[in-house]
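Data first, discussion second: the structure below is written as structure tokens.
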Amino acid sequence: MNILIKSATIIDSKSEFHNTTQDLLIENGKITKVSKSIKNPKNYKEINLENLHISQGWFDSSVSFGEPGFEERETIKNGLKTAALSGFTTVAVNANSNPVIDSNANITFLNSKAGNHAVSLLPIGALTVGSKGEDLAELYDMSTAGAVAFYDYKKPIANPNLMKIALQYASNFDGLVCSFPQENKISGHGVMNENITSTKLGLKGIPALAEELQVARDLFLLEYTGGKLHIPTISTATSVALIREAKKKKLDVTCSVAIHNLYFSDAVLTDFDTNYKVLPPLRIQSDIDALIDAVKDGTIDMVTTDHNPIDVEEKKIEFDHANYGAIGLESAFGALQTIFTTKKTIDVLTKGKSRFGIETSPIAIGNTANMALFNPDTKYTFSKTDIISKSKNAIFENEALKGHVYGIIANNQAVLK
């Protein structure tokens, strides 16, 4: 792939060209020249887009595609296309499928389906067999096939001894254990945040305590066992405080937050719109404020779309019975830009790579081209026409967002709108 990018503003704090506008020559997938003006004597394809900005490619640590088993929700092929056109060059894909991805063969299947795509797919293997929470899955075998972490997607490990053993065992090969932060005996049959809004709506609530107890338990276990722990999609101020204190103790823990938990409070549920039914649930404004502060100060290590396609039959039903989950890849950049500056948005979209074993590639001569292309200043209302996913359960539909993504250049390929 040979491309000449014209007049691109580079947003990359690790690059000597940060905050400058340059032409970039990419030959055979590598950046061979960066200059204020580059001629095109070899008649390479030129990319010349309105208010073009580029950064290192973005990373999402929690994405679900459905395949195998739930292809009606999303396929790997279209899921990777969605990621590419949303600016993501790498996605970590959950074991949220049927069968559950819990063996070497399953990991190999995912890798084969994603081969030769511009977006790199990193498989997350299930932590327990069938994600049933009873017996550890083949963690080491999956790691040898390419699994970057182990996680029973949205299913907490109820047995603390099982979590203890998982942390101890995975530490033998530097494996990353993920634990969903919810104590089901506290959350019960709740379907939204327990608060005045749930009382007004007559819906059963999930207390913040359900998350915080599980976070505290897992941090105690980590302190006892050692190893590497990642706590995905925290949602409360107390969870932030617990993890901040654990980091002061030098525990090897990271965490993420879903973009929608930075944006929406539980007040949006007054119309019983099931697109807002997510797990962990949307919380209150004081939690949102604490989460945003934690992103800014680095206590929260990464943001995620927590992209989870759900077909219409499982969403367009009574709120109590609807599936949890929302798609978020397409709206990620625009939503974050309503919360943070462009520089901070790019920072959070490119963070967390090393935790999942990804090498970063600053925009520099001689480096492999791995970049997102975007216009940070476009304002628009997100609508169904912006959805690329097969499923349409978009939590940001009808929201006023800022910033348009053109696509990516990665793996010696360009995927552009």
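The values are calculated or read from the model by the stated rules, or taken from the named source; none is laboratory data. Just so it is clear, the structure is predicted and the values come from calculations on it, not from any experiment. We place every Cβ from the backbone using ideal geometry, glycine too, and count neighbours over all the protein chains shown. Quick note on the areas: whole protein, heavy atoms, side chains included, nothing else; ligands and nucleic acids left out. Shrake-Rupley method; radii C 1.70, N 1.55, O 1.52, S 1.80 Å.
Can you tell me which residue is farthest from Phe88 (Cα to Cα) among those in region 288-327 that are open to solvent by less than 20 Å² (accessible area, probe 1.4 Å), part of a loop (DSSP other than H, G, I, E, B) and among the aliphatic types (A, V, I, L, M)?
Going residue by residue through region 288-327, those that are open to solvent by less than 20 Å² (accessible area, probe 1.4 Å) are 288, 291, 294-295, 299-300, 302-310, 315, 319, 322, 325-327.
Subset that is part of a loop (DSSP other than H, G, I, E, B): 299-300, 305-306, 308-310, 315, 322, 325.
This time we only want the ones that are among the aliphatic types (A, V, I, L, M), so: 300, 310, 322.
Numbers: Ile300: 20, Ile310: 21, Ala322: 29 Å.
Of everything passing the filter in region 288-327, Ala322 is farthest from Phe88 (Cα to Cα).
The set of residues in region 336-347 being open to solvent by less than 30 Å² (accessible area, probe 1.4 Å), in contact with a strand residue (DSSP E or B) (Cβ under 6 Å, 6 or more places away or on another chain) and part of a helix (DSSP H, G or I) consists of Ile346 alone.
Among the residues of region 158-168, those identified as among the aliphatic types (A, V, I, L, M) and surrounded by fewer than 23 Cβ atoms within 10 Å (Cβ to Cβ) are Ala158, Leu162, Ile165, Leu167.
How about region 245-265: which of its residues are assigned to a helix (DSSP H, G or I) and among the charged types (D, E, K, R)? First the steps, then the outcome.
At the first step, the residues of region 245-265 found to be assigned to a helix (DSSP H, G or I) are 245-248, 259-263.
Those that are assigned to a helix (DSSP H, G or I) and among the charged types (D, E, K, R): Glu245, Lys247, Lys248.
The residues in region 155-178 that are assigned to a loop (DSSP other than H, G, I, E, B) and either closer than 20 Å to Leu110 by Cα or in contact with a helix residue (DSSP H, G or I) (Cβ under 7 Å, 6 or more places away or on another chain) (or both) can be counted, and the count is 5. Listed here are the strands (runs of 3 or more DSSP E) enclosed by region 1-87 that have at least 1 residues being open to solvent by 40 Å² or more (accessible area, probe 1.4 Å) and without any contact (Cβ under 8 Å) to a residue 40 or more places away in the chain: 21-27.
Taking the criterion of being under 17 Å from the mean Cα position of the chain (by Cα) and not hydrophobic (A, V, I, L, M, F, W, C), the residues of region 31-77 that qualify are Gln56, Gly57, Asp60, Ser61, Ser62, Ser64, Gly66, Glu74. Residues of region 222-254 that are more than 22 Å from the chain's Cα centre (by Cα) and among the charged types (D, E, K, R): Glu223, Glu245, Lys248, Lys249, Lys250.
Residues are listed down the side, and each one gets a yes or a no for (1) closer than 14 Å to Val191 by Cα; (2) open to solvent by less than 10 Å² (accessible area, probe 1.4 Å); (3) out of contact with any Lys or Arg (no Cβ under 9 Å at 6 or more places or on another chain); (4) not hydroxyl-bearing (Ser, Thr, Tyr):
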| position | (1), (2), (3), (4) |
| --- | --- |
| Lys247 | no, no, yes, yes |
| Ser256 | no, yes, yes, no |
| Asp266 | yes, yes, no, yes |
| Tyr276 | yes, no, yes, no |
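The one condition from (1) open to solvent by less than 40 Å² (accessible area, probe 1.4 Å); (2) in contact with a helix residue (DSSP H, G or I) (Cβ under 8 Å, 6 or more places away or on another chain); (3) β-branched (Val, Ile, Thr) that Thr108 does not meet is (1).
Can you pull out every residue in region 399-417 that is open to solvent by 20 Å² or more (accessible area, probe 1.4 Å) and in a strand (DSSP E or B)? Walk me through how you get there before you give the answer.
To start, the set of residues in region 399-417 that are open to solvent by 20 Å² or more (accessible area, probe 1.4 Å) comprises 399-400, 402, 404, 406, 411-417.
Answer for region 399-417, where residues must be open to solvent by 20 Å² or more (accessible area, probe 1.4 Å) and in a strand (DSSP E or B): Ala400, Lys402, His404, Tyr406, Gln413, Ala414, Val415, Leu416.
Residue check: Thr144 meets all listed conditions (1) β-branched (Val, Ile, Thr); (2) closer than 30 Å to Ser120 by Cβ; (3) within 22 Å of the chain's Cα centre (by Cα) but one, namely (3).
Scanning region 218-244 for residues that are without any contact (Cβ under 8 Å) to a residue 60 or more places away in the chain, buried (at least 24 other Cβ atoms within 10 Å of the Cβ) and either charged (D, E, K, R) or part of a loop (DSSP other than H, G, I, E, B) (or both) yields a total of 3.
All conditions but one from (1) within 18 Å of the chain's Cα centre (by Cα); (2) over 19 Å from Asn308 (Cβ atoms); (3) open to solvent by less than 30 Å² (accessible area, probe 1.4 Å) apply to Ser103; the one that does not is (1).
Scanning region 362-398 for residues that are touching a residue at least 40 places away in the same chain (Cβ under 8 Å), surrounded by fewer than 20 Cβ atoms within 10 Å (Cβ to Cβ) and among the small types (Gly, Ala, Ser) yields Ala364, Gly366.
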